[in-house]
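The values are calculated or read from the model by the stated rules, or taken from the named source; none is laboratory data. This one's a predicted model, so the numbers in the text were calculated from it and none came from an experiment. Here Cβ is always computed from backbone atoms with ideal geometry, including for glycine, and neighbour counts include all displayed protein chains.
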Amino acid sequence: MILTGVRILVADDEPFTRSVVETTLRKMGAAVTACGDGRQALDIIAATPHFDIVLLDFMMPWAHGLYVLKQIRMGATQLPAGVPVGIFTSSNEETTVSLSIALDCDAFLVKPVDRVSLMERLGRLLSRRGRAPQPPERYERVDVGPPNEIMAPAAGALALTPRLVESGYHLDELRPGMVLRAPLTTVQGQEVVPAGVTLTEDLLTLLGDLGRVVHLHPAQIA
């Protein structure tokens with residue numbers, strides 16, 4: 001993959017992850033700006049609002065990744081509100097999933113990030129450049145908390161709704177256009193996708209990013 005001329009902002013407070021991602025992107029020709037916290041990311045965006053892709057870590061000091069994502073989607077920064085955004089996450093960060101989906105995150109990058117998954121996510125992010133933004137009202141009620149407070153993830157690794165019967169659906173059997181009759185939740189009961197949502201290809205792809213198996217009872221799907 002050639003990324004010559006593609007401008008990418010990488011914000012992650014883990015030096016190792018930031019270095020690996022930055023080095024990989026630069027080798028492919030991308031113009032990379034990297035920083036270690038959300039406040040720096042917002043300052044950089046204010047000074048040079050010309051990024052094609054933004055990659056944000058969930059847990060960062062001063063301003064966490066979802067706060068930055070919400071600012072972008074609400075049109076509160078100089079970036080286009082629809083700019084493609086990927087979220088770095090770890091396997092135990094349940095909170096990340098539901099809020100990221102509500103804020104129209106474009107991709108999850110599960111740590112430790114490997115080159116193959118990074119390339120796949122970048123291809124998707126590149127394909128979404130220039131899309132029209134959604135109205136800010138869509139995101140007003142998404143509560144990401146204060147910028148300087150990290151939301152504590154629920155205990156345990158993320159595991160989506162368990163299969164209720166042997167004839168339940170697996171993730172790879174779900175199709176765009178299906179409607180959830182009941183919420184898609186974690187085993188701890190946290191709602192990830194509310195009832196009434198029509199499954200889209202983008203949503204199914206996001207769930208696939210997490211490497212989880214989704215099991216749904218047929219009664220949950222219309």
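Against the definition (modelled with pLDDT of 65 or more and of a type in the set (A, V, I, L, M)), how does LEU174 come out, yes or no? It is true that LEU174 is modelled with pLDDT of 65 or more and of a type in the set (A, V, I, L, M).
Exactly one residue out of LEU69, LEU103, LEU99 is of a type in the set (A, V, I, L, M) and either modelled with pLDDT of 95 or more or farther than 20 Å from THR185 by Cβ (or both): that is LEU69.
Yes or no, residue by residue, for (1) in contact (Cβ under 8 Å) with a residue 24 or more places away in the chain; (2) within 19 Å of the chain's Cα centre (by Cα); (3) under 15 Å from LEU122 (Cα atoms):
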residue	(1), (2), (3)
ILE2	yes, no, yes
VAL6	yes, no, yes
ASP12	yes, yes, no
THR17	yes, yes, no
THR24	yes, no, yes
ALA31	yes, no, yes
ALA34	yes, yes, no
GLY38	yes, yes, no
ASP43	no, no, no
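Of the residues screened, ILE87 is not one that is crowded, with 19+ Cβ neighbours inside 10 Å and either assigned to a helix (DSSP H, G or I) or more than 15 Å from the chain's Cα centre (by Cα) (or both). Filtering the range 196-211 to residues that are over 13 Å from ALA102 (Cα atoms) and not aliphatic (A, V, I, L, M) leaves GLY196, THR198, THR200, GLU201, THR205, GLY208, ASP209, GLY211.
For the range 24-80, a residue qualifies if it is within 23 Å of ARG115 (Cβ to Cβ) and aromatic (Phe, Trp, Tyr), and the qualifying residues are PHE51, PHE58.
Among the residues here, GLY82 does not qualify as touching a residue at least 40 places away in the same chain (Cβ under 8 Å) and surrounded by 20 or more Cβ atoms within 10 Å (Cβ to Cβ).
Just so you know, in the range 45-56 the residues that are surrounded by fewer than 18 Cβ atoms within 10 Å (Cβ to Cβ) and among the hydrophobic types (A, V, I, L, M, F, W, C) include one that is nearest to the chain's Cα centre (by Cα), and it is ALA46. It is to be established whether one or more residues within the range 21-35 are touching a Pro at 6+ places or on another chain (Cβ under 8 Å) and surrounded by 18 or more Cβ atoms within 10 Å (Cβ to Cβ). No, that holds for no residue. On the basis of being among the small types (Gly, Ala, Ser) and touching a residue at least 60 places away in the same chain (Cβ under 8 Å), does ALA63 make the cut? Against the criterion (among the small types (Gly, Ala, Ser) and touching a residue at least 60 places away in the same chain (Cβ under 8 Å)), ALA63 qualifies.
Looking only at the range 25-49, which residues are in contact with a helix residue (DSSP H, G or I) (Cβ under 9 Å, 6 or more places away or on another chain), β-branched (Val, Ile, Thr) and part of a helix (DSSP H, G or I)? Once the filter is applied, which keeps residues that are in contact with a helix residue (DSSP H, G or I) (Cβ under 9 Å, 6 or more places away or on another chain), β-branched (Val, Ile, Thr) and part of a helix (DSSP H, G or I), the range 25-49 yields only ILE45. In this structure, ASP52 does satisfy being among the acidic types (Asp, Glu), closer than 29 Å to PRO135 by Cα and out of contact with any Asp or Glu (no Cβ under 9 Å at 6 or more places or on another chain).
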